[in-house]
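Okay, so here's the structure we're looking at.
The values are calculated or read from the model by the stated rules, or taken from the named source; none is laboratory data. Source: prediction; values computed, not measured. Note that each Cβ is placed from the backbone with ideal geometry, even for glycine, and that neighbours are counted across all protein chains shown. Remember, those area values only see protein heavy atoms, side chains included, never the ligands or the DNA or RNA. Shrake-Rupley method; radii C 1.70, N 1.55, O 1.52, S 1.80 Å.
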Amino acid sequence: MTTARYPSYDGTSLCYRTLGPAPERVSPTLVCLAGGPGRDAAYLEDLGGLDRDLPLVIPDLRGTGDSQAGADPAGYAFPRLAEDVEALRAHLGLERIALLGHSAAAVTAQAYAARHPERLSHLVLVTPGTRLQDRPTTDAQQIFHSRADEPWYPEAVAALERLATAHELAEIKRLLTRVAPGTYGRWEARQQAHAAAEGEQLHPVPRAAFWQGVDEAVRRGITDALGGLEAPVLVVTGDRDGASGVAAGAVVAGQFHDARRVNLAGCGHYPWVDEPEEFRRTVASFLLGRPAG
C-alpha cells in the first residue's frame with residue numbers, strides 16, 4: 001500500500017492510498033469512495049481482498065482521514081465531492097476509471113457518472129439508498145425487525161427510534177454503535193471490530209453538509225442524466241441489510257440502461273465484511289469480464 005496526495009480543483013490537498021497491482025499491469029483502476037457520509041475511508045479496508053484482482057485507489061474525501069478540510073463548507077456537498085474525484089482522475093493521468101461508491105458515496109458516484117460519463121469504464125454501487133431518486137423504500141426496516149430473536153435486538157431497536165430525532169454528533173455516534181448489529185449479516189467478532197471504529201471515523205461538518213445546496217433542480221439534473229450512461233453498472237445489495245435494504249437496489253439500477261443487480265446472501269450493509277470472498281468475486285468478475293482468480 002502506498003499513500004499520496006493531490007491538489008483538488010480549489011487547491012485543497014487530498015489524500016489517497018493505492019493497493020494492488022500496478023495500473024499498467026491490470027485494467028481498469030477502481031477508485032473506491034467511502035460513505036457515511038463524512039466517514040474515513042479506512043473502513044473500506046481492501047474491500048474483501050479486491051486488491052488481489054485489480055488496482056484500487058481509495059481517497060479520503062475532503063475533511064476526512066488524512067485529507068485537508070475545505071475552506072468552503074459547500075465543498076462537502078456530494079456534487080462538489082464528485083469534482084474532487086475528477087481531479088483525482090486527472091492527477092492519476094487516467095483517461096477513464098472504474099468507480100465504486102458505498103452507501104452514501106453511491107450518491108457521489110452517481111453525480112460523477114452524470115457529470116463525467118465519458119470518464120467512466122464501469123460503475124459499482126454498493127448498498128445504495130434512494131434519497132437521490134426521491135423514492136423511499138421500507139424493506140430495510142422489515143429486515144431489521146425480522147431479527148427480533150437475536151440478543152442485541154432490544155437495545156438496538158430502542159437506539160434506532162432515538163436516532164430518528166438525534167442531532168448531536170456525539171449522541172448519533174453512540175446510537176449508531178447500538179444499532180450496528182442490524183446492519184451486518186451477523187454479529188460476530190469480525191463485525192463487532194469493524195463497527196467499533198465507526199464513531200471515531202465520522203466527521204460532523206462533512207456529514208452535515210453532504211446534501212447542502214442540493215435542490216430539486218440539481219437532484220433531477222443528476223438522475224435525468226443517468227439514463228444515458230454508456231458504462232455498465234453493477235448494483236450490489238445484501239439480503240440482511242437493515243440500513244438500506246434490498247429494494248433500493250432495484251430503484252437505483254432502474255435508472256440505467258445497462259445495469260446488473262446482485263443480492264448477496266448473508267450480507268448486510270458491509271458485504272465485504274460479512275462475505276469477503278463472495279463480494280470480491282462478484283465485483284471482480286464484473287470489472288474484469290471473468291471470474292476472479
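Table for the structure above
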item	result
Restricting segment 135-149 to residues that are in contact with a helix residue (DSSP H, G or I) (Cβ under 7 Å, 6 or more places away or on another chain) and either in a loop (DSSP other than H, G, I, E, B) or hydroxyl-bearing (Ser, Thr, Tyr) (or both), the residue that is surrounded by the fewest Cβ atoms within 10 Å (Cβ to Cβ)	Arg135
Residue list for segment 70-93, filter: at pLDDT below 95 and touching a Lys or Arg at 6+ places or on another chain (Cβ under 8 Å)	Gly70, Ala74
Among the residues listed as Val262, Val236, the single one being in contact with a Leu (Cβ under 8 Å, 6 or more places away or on another chain), open to solvent by less than 50 Å² (accessible area, probe 1.4 Å), in contact (Cβ under 8 Å) with a residue 40 or more places away in the chain and under 23 Å from Ser27 (Cβ atoms)	Val236
Condition met for Ala247 (modelled with pLDDT of 95 or more, more than 29 Å from Ala74 (Cβ to Cβ) and either open to solvent by 30 Å² or more (accessible area, probe 1.4 Å) or among the charged types (D, E, K, R) (or both))	yes
Verdict on Arg174 being modelled with pLDDT under 95 and out of contact with any Asp or Glu (no Cβ under 8 Å at 6 or more places or on another chain)	yes
Residue match in segment 267-288 (condition: open to solvent by 40 Å² or more (accessible area, probe 1.4 Å), farther than 27 Å from Pro28 by Cα and either within 17 Å of the chain's Cα centre (by Cα) or in contact (Cβ under 8 Å) with a residue 40 or more places away in the chain (or both))	no
Qualifying residue in segment 151-164 (condition: part of a helix (DSSP H, G or I), farther than 25 Å from Ala250 by Cβ, within 20 Å of the chain's Cα centre (by Cα) and modelled with pLDDT under 90)	no
Any strands (runs of 3 or more DSSP E) falling wholly within segment 17-124 and containing at least 1 residues that are within 20 Å of Thr3 (Cβ to Cβ) and open to solvent by 10 Å² or more (accessible area, probe 1.4 Å)	56-60
